[in-house]
1. My understanding is that a pair violates if its Cα-Cα distance is over 25 Å; which of K69/K149; K90/K149; K90/K224; K107/K225; K107/K149 do that in this structure?
2. With a ≥ b ≥ c taken as the square roots of the eigenvalues of the C-alpha gyration tensor of region 111-169, please select rounded if a/c is under 1.5 and otherwise prolate if a/b is larger than b/c or oblate if it is not?
3. Fewest to most neighbouring Cβ within 10 Å: what's the order for M125, M35?
4. For the residues H109, H44, what sequence is obtained by ranking on other C-beta atoms within 10 Å, fewest first?
5. Mind sorting S227, S31 by how few other Cβ atoms lie within 10 Å of their own Cβ, fewest first?
6. Using amide H atoms built in the peptide plane, which far-off residues or other-chain residues are under 5 Å from I209 H to H?
7. Of the listed peptides 111-121, 45-55, 86-96, what is their order by residue-averaged count of other C-beta atoms within 10 Å, with the highest listed first?
8. Only Lys, Arg, Asp and Glu count, each charged at its Cβ (+1, +1, -1, -1), so figure out the dipole size of region 97-215 about its Cα centre, rounded to 20 debye.
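Read-outs: derived from the displayed coordinates by stated rules, not from any lab. Quick caveat, the model's predicted, so the values are computed rather than measured. Cβ placement follows ideal geometry from the backbone for every residue including glycine, while neighbour counts extend to all protein chains displayed.
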Amino acid sequence: MTRYPTQGNSETQPLEQTAPSVPATVRERLSPVVMEIYAAGDFHRVDMRTIAREAGMSFRTIYRYFGDKESLLFYFIQYWLGGLYPAALKPLDGDGDLRSKLLGVLKLHFEFYEKNPNVGRIIFMTVPLERWMRDPSYAQRELMLRMLKAISDAQQQGELRYDLDSRLILDMFNAIFNRAFLMWEYRRRSYSLTAQAELLLSVLWNGVIANKPPAKSTVEAAVKKASARKTAAK
């Protein structure tokens with residue numbers, strides 16, 4: 001998972017608006033090669049000519065659609081994540097408590113990366129974050145905004161601590177997920193990542209759950225204060 005998007009930032013617009021129109025035959029031919037090379041190597045040592053050679057394609061063809069190796073990789077990250085999104089949004093739909101929804105989101109992510117560990121290696125270990133953060137594929141705008149809304153709603157209903165910025169809670173959720181994948185990879189995938197979801201979420205949940213339902217006036221004051229902080233931060 002990635003960070004929450006910033007409202008009004010053109011860099012966080014969905015990738016579909018900026019991605020090159022790549023023929024399916026080109027995409028399917030390149031996808032396994034790009035995944036294998038980037039998952040196994042150093043981003044800075046990868047070059048497009050090697051990718052072209054391994055894929056049995058001309059360098060000119062790849063350059064025509066992507067321009068450089070960063071655009072090539074970021075395009076395929078978004079393509080691979082098509083197997084995760086929008087499925088990861090489903091737990092946020094409908095009724096139910098926030099804890100169950102977050103657990104559903106976390107499990108779907110863990111299941112995806114257990115089945116596609118090379119995608120995880122590329123996203124969490126290979127990609128230079130400073131460069132990726134400038135690309136539209138980093139924000140995962142729809143998921144982050146929906147999760148922020150779910151967290152904010154739970155705060156207003158007294159389910160979560162109202163003295164915490166909703167973005168901080170989301171950041172902690174993302175941090176737990178990112179660290180869990182890295183340690184799973186470091187420990188050579190010796191256990192089920194998905195099986196850790198319940199325990200990991202409980203660590204976060206125990207820190208953000210409201211001790212008792214606050215008075216409505218107190219919640220409203222906290223919401224206004226949080227809104228003022230966000231406005232001042234823009």
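1. K69/K149; K90/K224; K107/K225
2. Since a/c reaches 1.5 and a/b is larger than b/c, the shape of region 111-169 is classed as prolate.
3. Ascending Cβ contact count within 10 Å gives the list M125, M35.
4. Ascending number of Cβ neighbours within 10 Å: H44, H109.
5. S227, S31
6. Here R161 satisfy the definition.
7. Descending mean neighbour count gives 111-121, 45-55, 86-96.
8. 280
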